[in-house]
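Following: one structure in structure tokens, then a few remarks.
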Amino acid sequence: MNSVIAAVGVMLILSLIRVHVVVALIVGALVGGLLGGLGIHGSLEAFNKGLGGGATVALSYALLGAFAVALAKSGLAHALADRVLKLVGDKSPTTADRGVKWALIGLLLAVAVSSQNILPIHIAFIPLLVPPLLYVLAKLRLDRRLIACVITFGLITPYMFLPVGFGAIFLKEILLANISSAGLDVSDISVTHAMFIPALGMVFGLLVAILISYRKPRDYDLDRIDQGARHSTSFSPWSLLMALVAVAAAFVIQLWLDSMIIGALAGFVIFSVSGVVRWKEADDLFTEGMKMMAMIGFIMIAAAGFAEVMKATGDIKNLVDASAAWIGNSKGVAALLMLLVGLLVTMGIGSSFSTVPIIAAIFVPLGMQLGFSPLAIVSIIGTAGALGDAGSPASDSTLGPTSGLNVDGQHSHIWDTVVPSFLHYNLPLIAFGWFAAMTL
């Protein structure tokens with residue numbers, strides 16, 4: 001058996017039976033390394049080598065956690081939550097204003113989409129905005145699985161369709177650049193045209209989640225939310241002003257230096273210097289914030305080690321080569337297998353941005369040989385790269401929503417974020433991506 005298939009399979013099975021994702025990644029990596037011929041020492045060496053690749057991301061998220069706690073201390077997010085709560089009032093859950101529900105869903109969707117282009121801060125907004133809203137969401141009896149699907153949609157769809165912000169990196173600098181280097185002329189190709197039908201698959205999945213799957217009310221323990229996410233916070237015009245200044249500074253510095261670490265650190269320093277966070281409390285708040293994001297950081301580190309083992313086995317290329325051998329001359333089978341290989345690779349390494357360079361070198365000449373149009377080839381590889389980002393236990397597109405929704409321990413990463421996002425986005429992406437390949 002191909003070691004990549006075995007490793008990803010073991011990792012997913014262990015995750016689904018509620019083994020912690022970090023443990024699942026380590027065990028999956030060792031299984032893949034052993035089957036790939038690396039041996040136990042070679043597998044551990046490759047795993048340890050890859051750990052450094054996730055350290056920067058982990059530190060970034062830890063500092064974002066500290067910044068988020070400081071922002072919560074300022075009262076900005078709680079002021080927003082209190083304003084929304086007033087709109088809900090003391091109504092019983094059965095008579096809560098449906099307009100407020102839709103407004104909250106629309107707000108979270110708009111912020112998630114904007115985090116990829118207008119304000120390219122990716123998942124940084126989640127620990128800042130979501131925890132203070134959990135009490136309101138529970139009062140409205142909104143299913144958190146729905147919120148996870150809404151946020152995941154906003155994190156993925158913009159970069160796979162809109163060529164701005166992170167989308168400019170994925171679509172232009174990674175997708176088109178790698179396809180061009182593999183031998184296909186993309187100078188006359190509209191990448192938005194190529195990715196339009198797959199993007200409709202994401203929209204379809206979102207509508208199913210909102211209108212069908214999670215439309216029924218779901219109850220959460222309000223007392224646990226009070227203790228875990230809605231602790232007493234006082235705020236003043238000064239603290240709210242400093243919060244806005246800190247957010248703006250963090251955003252500008254992140255764009256200027258291309259460093260989420262320095263941006264988050266600058267925001268925290270502003271809170272400390274302005275007195276919003278008392279100097280004697282700063283150390284404890286910083287530690288509290290880092291603890292809040294510790295899990296996502298360790299998962300990202302372990303995922304980097306897992307990915308390095310998969311690359312060291314050489315079986316990712318073998319998997320891509322084998323899929324080419326299985327295809328024969330059937331365009332329909334070819335499109336389906338290329339999409340499934342992309343799904344498997346991305347779910348394993350947790351990054352759609354890293355998947356495209358791996359698959360493009362083989363899939364471009366294969367697509368040309370089978371007679372796919374240049375537009376169809378771009379659509380296939382772009383969709384294959386995006387597949388698996390939703391639904392991967394190690395992807396920040398699933399880890400991010402969980403970090404905000406599970407601060408009170410009432411939201412499972414695997415069963416409330418990973419599985420719902422996999423079902424609502426990966427399955428439609430396969431169907432819509434295949435249709436695009438056959439019609440473009």
- Query: So between LEU222 and VAL19, what do we pick up on full extension, going 0.36 nm a residue minus the alpha carbon distance?
  - Reply: 70.3 nm
- If one compares the long axis through the Cα atoms of helix 294-313 with the longest principal axis of the Cα atoms of the chain, the angle in degrees, nearest 10, works out at 10 degrees
- Query: Using a simple spin-label model with points 7 Å from Cα along the Cα→Cβ vector, what separation in nm is obtained for VAL273 and GLU173?
  - Reply: 2.9 nm
- For the chain, set up a Gaussian network in which alpha carbons nearer than 10 Å are linked by springs, and say which option among THR152, THR287, THR383 fluctuates the most. THR287
- Item | Three-way shape call for the stretch 131-285 based on the alpha-carbon gyration tensor, with the a/c threshold at 1.5 | oblate
- Message: When the expected Rg is taken as 2.2 N^0.38 Å, what fraction or multiple of it is the alpha-carbon Rg of the stretch 135-219?
- Response: 1.45
- Using the Kirkwood radius over Cα pairs of the stretch 378-440, the Stokes-Einstein translational diffusion coefficient at 25 °C and 0.890 mPa s, in µm²/s and rounded to a whole number, is 197 µm²/s
- Length gained when the stretch SER259-SER412 is fully extended (0.36 nm per residue, less Cα-Cα span): 52.1 nm
- Query: Expressed as an acute angle from 0 to 90° and rounded to the nearest 10, what is the orientation of the C-alpha long axis of helix 3-16 relative to the principal long axis of the chain?
  - Reply: 30 degrees
- Item | Distance (nanometres) between label positions extended 7 Å along Cα→Cβ at ASP188 and THR287 | 6.5 nm
- Find the accessible area per residue for the stretch 388-428; the probe is 1.4 Å, ligands and nucleic acids are left out, and the unit is Å². 19 Å²
- Label-point separation, HIS41 to ILE212 (7 Å along Cα→Cβ), nm: 5.5 nm
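Using the crude model of +1 on Lys and Arg Cβ and -1 on Asp and Glu Cβ, and no other charge, please compute the dipole size for the stretch 92-213 relative to its Cα centre, in debye to 20. Working shown, then result.
Details: 7 positive and 5 negative charges, 131 e Å.
Taking the Cα centre of the stretch 92-213 as origin, the dipole is about 640 debye.
Just the accessible area per residue of the stretch 141-252, please: how many Å² with a 1.4 Å probe?
Working: 5230 Å² over 112 residues.
On a per-residue basis, the stretch 141-252 sits at 47 Å².
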- Query: So if R0 is 35 Å, what FRET efficiency would VAL245 and ARG141 give, r being the distance between their Cβ atoms, rounded to the nearest 0.05?
  - Reply: 0.45
- Anyone know which of LEU241, LEU14, LEU155 comes out most mobile in the 10 Å Cα GNM of the chain? LEU241
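Pairs of alpha-carbon atoms within less than 8 angstrom and 6+ residues apart define the contacts here; what relative contact order does the stretch 142-275 have, in percent?
On the way: 85 pairs, mean separation 28.5, N = 134.
For the stretch 142-275, the relative contact order is 21 percent.
For LEU51 and ALA103 in one chain, what is 0.36 nm times their gap in residues minus the Cα-Cα distance, to one decimal in nm? Write out the running numbers ahead of the final one.
Values: separation 52, 0.36 × 52 = 18.72 nm, distance 4.09 nm.
Gain on stretching LEU51 to ALA103: 14.6 nm.
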- Message: Quick check: Cα centre of the stretch 356-383 to Cα centre of the stretch 12-30, how many Å?
- Response: 32 Å
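Which entries in the list LYS73/LYS101; LYS101/LYS139; LYS139/LYS216 go over 21 Å, if you measure between the two C-alpha atoms of each? Can you show the working numbers first?
Values: LYS73/LYS101 26 Å; LYS101/LYS139 10 Å; LYS139/LYS216 14 Å.
Where the Cα-Cα span goes over 21 Å, the pairs concerned are LYS73/LYS101.
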- Item | Binned Cα-Cα distances of the chain, short to long, each 20 Å bin given as a whole percent | 26, 56, 18, 0
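Give me Rg over Rh for the stretch 367-412, both radii from the alpha carbons and Rh done the Kirkwood way, two decimal places.
Details: Rg = 17.1 Å, Rh = 13.0 Å.
My calculation puts Rg/Rh at 1.32.
The values are calculated or read from the model by the stated rules, or taken from the named source; none is laboratory data. Predicted, not measured: the structure shown is a model, and the values here were computed from it. Neighbour counts are summed over all protein chains in view; Cβ atoms, including those assigned to glycine, are modelled from backbone coordinates with ideal geometry. Areas reflect the complete protein model, heavy atoms only, side chains present, ligands, DNA and RNA absent. Shrake-Rupley method; radii C 1.70, N 1.55, O 1.52, S 1.80 Å.
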